[in-house]
Amino acid sequence: MLPKLHVVICSTRPGRVGPSVARWFHDYAAQHGKFDVELVDLADFKLPLYDEPLHPAQQKYTHEHTKKWAASVAAADAYIFVTPEYNYCPPPSLVNALDYVYREWNYKPCGFVSYGGVSGGLRAVQAAKLQVTTLKLMPMMEGVMVPMVASLIDEAGQFQSNALIDKSALTLLDELRYWTDGLKAMRDKGREGP
């Protein structure tokens, strides 16, 4: 059975291009063949600013939106965050979604597909990597960076990749699978107890 990869659309704003980039990556990852790939849209969860009364490590969720999000996060073995850059940072929707749960993230790898202007979202990814490590996620050094994303969206609103972007996607997916296999052993050991 293939490990489960969630490709997470991190922008929730109207008019976003994230779904187009994420659909491309989802299809590319499915063709890669080393993961069972699912597209996950943060906008579907409608998470308000963190509103649980107890610390997420306790996993005593009171709100239905949190329970739904926790189940989604728990179902995956690895994650790709498809994210724009807002003022050199990841969008608040991603920061908030990461903060909502804790144990569900632990000992899993993640990668980033970033997009934006000339920087291609790299500064947002660097900031997000600091946050994900505190959730015991393992961020990949490899990544996919899409500069000047608007120039790669066609008239039908579809993202049009190129050879360089495809090559970086392949490298990221190969590395992500390597870490997915390794970290599964850590999660299994944790479930067995000391």
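The values are calculated or read from the model by the stated rules, or taken from the named source; none is laboratory data. Keep in mind that this is a model prediction, so the values were computed, not measured. Quick reminder, even Gly has a Cβ in these numbers, built from the backbone with ideal geometry, and neighbours come from all protein chains shown. Side chains are part of the model used for accessible areas, which takes the heavy atoms of the whole protein and leaves out ligands, DNA and RNA. Shrake-Rupley method; radii C 1.70, N 1.55, O 1.52, S 1.80 Å.
Of note:
Residues are listed down the side, and each one gets a yes or a no for (1) within 16 Å of residue 26 (Cβ to Cβ); (2) of a type in the set (Phe, Trp, Tyr); (3) over 18 Å from the mean Cα position of the chain (by Cα); (4) modelled with pLDDT under 95:
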site	(1), (2), (3), (4)
109	no, no, no, no
113	yes, no, no, no
119	no, no, yes, yes
123	no, no, no, no
135	no, no, no, no
139	no, no, no, no
142	no, no, no, no
146	yes, no, no, no
167	no, no, yes, no
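- Within segment 19-68, the set of residues being among the aliphatic types (A, V, I, L, M), out of contact with any strand residue (DSSP E or B) (no Cβ under 9 Å at 6 or more places or on another chain) and assigned to a helix (DSSP H, G or I) comprises 57 only.
- Total residues in segment 18-40, condition aliphatic (A, V, I, L, M) and either at pLDDT below 95 or open to solvent by 50 Å² or more (accessible area, probe 1.4 Å) (or both): 2
- When restricted to residues that are part of a helix (DSSP H, G or I) and among the aliphatic types (A, V, I, L, M), segment 73-118 contains 6.
- Leading residue by the ranking (nearest to residue 35 (Cα to Cα)) among those in segment 111-148 that are among the small types (Gly, Ala, Ser) and open to solvent by 10 Å² or more (accessible area, probe 1.4 Å): 143
- Test: residue in segment 163-186 that is assigned to a strand (DSSP E or B), over 20 Å from residue 124 (Cα atoms) and either in contact with a helix residue (DSSP H, G or I) (Cβ under 6 Å, 6 or more places away or on another chain) or open to solvent by 60 Å² or more (accessible area, probe 1.4 Å) (or both): no
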